[in-house]
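Have a look at the structure below, then the notes.
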Amino acid sequence: MASIGIKDVAAEAGVSVATVSRVLNGHPSVSPGARTRVLAAVEALGYRPNAVARSLRTDRTRTLGLVISDVMNPYFTELARSVEEEARALGYSVIIGNADERPDLQDHHVTTLLDRRIDGLLVSPTDGGSPRMLDAARAGTPMVFVDRWIPGVDVPVVRSDGRGAVRDLVAHLYGLGHRRLAIIAGPAATTTGRERVDAFREALAAYGLPLPDAYIGQGDFQAESGRRVTQGFLDLPEPPDVVFAADNLMALGALDAVRARGLRVPEDIALAAFDDIRWFVHTDPPVTAIAQPTGDLGRAAVRALVDRIGGRPGESVTLPARLVVRRSCGEAATSQDPSPSPVQRSTP
């Protein structure tokens, strides 16, 4: 059987070959009617363009790279999903690299993606960045930082602002009668690690509450560090009333540590988390958490990157996080706990 070519698509749609080419390359000058006919002809004929040949002609591969900090973290998994959905809607494919919170792996993925001639790069920098990534940004590679960023690097940043939600959390905890509040911090080398501790300290100060050094535990956004830090809190002569974990995996580790001591949440110690995940509604008790607008962040990051690829500036975007109250801090039980943060998906 002869292979289907672009001329066959043009004949089927009743348009010129040039029009088919413009539709396949996402050119905005095609009328809606012609675009619909071309896409219908592509579907009817089962036409698949030769991506390699097309990239050689246009110097574009219609491919984006995404390097995330930890694919095992449900937050980044959902972020990657929304990135892939939005990219697909705009005619791009996505290749994902998992840095596993390691700068050397981040550099490896950045190098590999650039070698594959991606059109642009989305990065959630790990540990303050890495040499190859910084070189790529400074060389003008179309790039957008998502979730985390590196101060001083001229790259658009798409992120959430959790300060308001942290203030809401502390007000909520204070209203429940909690006065000794501790935090499991993320890596100080990351912007999110620093920002969440600063926001927590500022929120406590508004109520005249201190944040002693003993109530700041250094984690690494991994469950084991949440377990280790919480064990240290429980060994203190005066343990905290509440442990606030600066990400979801550290919160799960904290929950493990409390249960390993035969203690109960929230009767013996309360627990709250940054980065709500769908699992938290199924834990016992359901975990009070700060939810980021993950789907919106992923979509906004892709749009900013496509702008950069097209020669436009690409805007930084900051979206607010929100507090989701459940029952892990001593809240009264209700007939129905809040549902998980909704999975936000692109409309077709």
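The values are calculated or read from the model by the stated rules, or taken from the named source; none is laboratory data. Computed from a predicted structure; not experimentally measured. Using ideal geometry, Cβ is built from the backbone for each residue, glycine included, and neighbour counts are taken over all protein chains shown. To get the accessible areas, we keep the full protein, side chains included, count just its heavy atoms, and leave off ligands, DNA and RNA. Shrake-Rupley method; radii C 1.70, N 1.55, O 1.52, S 1.80 Å.
Odds and ends about this structure:
- Residue ranges of helices (runs of 4 or more DSSP H) in segment 77-196 with at least 2 members closer than 30 Å to R327 by Cα, open to solvent by 30 Å² or more (accessible area, probe 1.4 Å) and modelled with pLDDT of 95 or more: 163-175
- Check on G208, modelled with pLDDT of 95 or more, out of contact with any Lys or Arg (no Cβ under 8 Å at 6 or more places or on another chain) and among the small types (G, A, S): yes
- Qualifying helices (runs of 4 or more DSSP H) (wholly inside segment 1-61; at least 1 residues being within 22 Å of R88 (Cβ to Cβ), modelled with pLDDT under 85 and more than 37 Å from the chain's Cα centre (by Cα)): 6-13, 32-45
- T294 being farther than 25 Å from A332 by Cβ and either modelled with pLDDT under 95 or not charged (D, E, K, R) (or both): yes
- Screening D107 against (1) of a type in the set (D, E); (2) touching a Leu at 6+ places or on another chain (Cβ under 9 Å); (3) free of Cβ contacts under 8 Å to residues at least 40 places away in the same chain leaves a single unmet condition, (2).
- Single residue of segment 304-328 satisfying the filter (of a type in the set (K, R) and open to solvent by less than 70 Å² (accessible area, probe 1.4 Å)) that is nearest to L66 (Cα to Cα): R308
- Helices (runs of 4 or more DSSP H) enclosed by segment 200-314 - at least 1 residues per element that are in contact with a helix residue (DSSP H, G or I) (Cβ under 8 Å, 6 or more places away or on another chain) and under 17 Å from G162 (Cα atoms): 248-260, 294-309
- Residue check, I269 more than 14 Å from P74 (Cα to Cα), out of contact with any Leu (no Cβ under 8 Å at 6 or more places or on another chain) and open to solvent by less than 30 Å² (accessible area, probe 1.4 Å): no
- Test for D161: is it closer than 26 Å to S130 by Cβ and touching a residue at least 24 places away in the same chain (Cβ under 8 Å): yes
- Only listed residue being crowded, with 24+ Cβ neighbours inside 10 Å and either out of contact with any strand residue (DSSP E or B) (no Cβ under 6 Å at 6 or more places or on another chain) or closer than 23 Å to R148 by Cβ (or both), chosen from A332, A260, A251: A251
- Residue satisfying all of: in segment 286-299; open to solvent by 10 Å² or more (accessible area, probe 1.4 Å) and not polar (S, T, N, Q); nearest to M143 (Cα to Cα) among these: R299
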